[in-house]
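The values are calculated or read from the model by the stated rules, or taken from the named source; none is laboratory data. Computed from a predicted model, the values in this text were never measured in an experiment. FYI the Cβ positions are ideal-geometry reconstructions off the backbone, even for glycines, and counts take in every protein chain you see.
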Ligand SMILES: CC(C)(COP(=O)(O)OP(=O)(O)OC[C@H]1O[C@@H](n2cnc3c(N)ncnc32)[C@H](O)[C@@H]1OP(=O)(O)O)[C@@H](O)C(=O)NCCC(=O)NCCS
C-alpha cells in the first residue's frame, strides 16, 4: 500500500467488498459481502484510494427510515471501514464529509447509523448523537443507533 490523497470517489459496490471482508466480516460471518439495500435506488458507495489504486477506506449510504422518530427523507450510513494501516489519518472523516455534502445537496433531512460501540467515538466526533434506548447486540457485537439532523 502506498500514500493516499483523501480524495473521495463514488464507486461501484464491488469496490467496497475487500475492506468490508477484512474489517467488518470477521465477527459477522452471517452477513454476505453484498447487503440487501446496496442496490436500492439512491444508494451510493464511496472510497478513498492509495497511490496504487487500492481502496483504503469505504462507506455506503442507503435511503432508509430508522425505527426511531426521524425527519424524512432519511439515509443510513453503513459499512464504514478504513484499512488498519490508515486508521487515525482522517480517511474516515473524509468519507463522512463527502457523504454529508452529497446528502445535504439532495436535501436529505436525517442521517443515521448503527454504530458499533467500539466506533461510537468516531460518529460522535462528527456531531452524531446516540439515540436513547437504541442499543442491540448481534453475535457478540454491540451496536448503538446514532443520528444527525441535517436541518
Ligand atoms: C471507525 C473508522 C471507520 C474510523 O476511521 P478513521 O479514518 O480511523 O477515523 P479518523 O482518522 O477520520 O478519525 C476522526 C475522529 O474520530 C475518532 N475516532 C476514530 N476512530 C475511533 C474509534 N474507534 N473510537 C473512538 N473514536 C474514534 C478519532 O479520534 C478522530 O478524532 P480526533 O482526531 O479529533 O481526536 C475506522 O477506525 C474503522 O474502519 N474501524 C474498524 C471498522 C469499524 O468499526 N467500522 C465502523 C462500523 S459501525
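Scanning region 1-35 for residues that are within 15 Å of the ligand (Cβ to nearest atom) and under 18 Å from residue 103 (Cα atoms), which turns out modelled with the highest pLDDT?
8
Looking at this structure, is residue 127 more than 9 Å from the ligand (Cβ to nearest atom), at pLDDT below 95 and not in a helix (DSSP H, G or I)? If you could, list the steps in order and put the result at the bottom.
Numbers: more than 9 Å from the ligand (Cβ to nearest atom): yes; at pLDDT below 95: no; not in a helix (DSSP H, G or I): yes.
Taking the combined requirement at face value, the residue does not satisfy it.
Would region 50-69 turn up any residue that is surrounded by fewer than 19 Cβ atoms within 10 Å (Cβ to Cβ) and within 14 Å of the ligand (Cβ to nearest atom)?
yes
Return the residues of region 130-151 that are within 12 Å of the ligand (Cβ to nearest atom), under 21 Å from residue 72 (Cα atoms) and touching a residue at least 40 places away in the same chain (Cβ under 8 Å); say none if nothing qualifies.
145
Among residues belonging to region 98-117 that are in a helix (DSSP H, G or I) and touching a residue at least 12 places away in the same chain (Cβ under 8 Å), point out the one that is nearest to the ligand (Cβ to nearest atom).
Let us first name the residues in region 98-117 that are in a helix (DSSP H, G or I), namely 98-105, 117.
Right, trim to touching a residue at least 12 places away in the same chain (Cβ under 8 Å) and you get 98-100, 102-104, 117.
Values: 98: 12, 99: 12, 100: 13, 102: 17, 103: 17, 104: 19, 117: 9 Å.
Among those that are in a helix (DSSP H, G or I) and touching a residue at least 12 places away in the same chain (Cβ under 8 Å), it is 117.
With respect to residue 95, is the statement that it is within 14 Å of the ligand (Cβ to nearest atom), under 16 Å from the mean Cα position of the chain (by Cα) and in a strand (DSSP E or B) true? First the steps, then the outcome.
Values: within 14 Å of the ligand (Cβ to nearest atom): yes; under 16 Å from the mean Cα position of the chain (by Cα): yes; in a strand (DSSP E or B): no.
Against the criterion (within 14 Å of the ligand (Cβ to nearest atom), under 16 Å from the mean Cα position of the chain (by Cα) and in a strand (DSSP E or B)), residue 95 does not qualify.
Of all residues in region 70-92, which are over 26 Å from residue 26 (Cβ atoms) and either assigned to a loop (DSSP other than H, G, I, E, B) or within 16 Å of the ligand (Cβ to nearest atom) (or both)?
First, pick out the residues of region 70-92 that are over 26 Å from residue 26 (Cβ atoms): 70-75.
Residues satisfying the conditions are 70, 71, 72, 73, 75.
Take residue 38 and tell me if it is within 14 Å of the chain's Cα centre (by Cα), modelled with pLDDT of 95 or more, under 28 Å from residue 150 (Cα atoms) and in a loop (DSSP other than H, G, I, E, B). First the steps, then the outcome.
Numbers: within 14 Å of the chain's Cα centre (by Cα): yes; modelled with pLDDT of 95 or more: yes; under 28 Å from residue 150 (Cα atoms): yes; in a loop (DSSP other than H, G, I, E, B): yes.
In short, yes.
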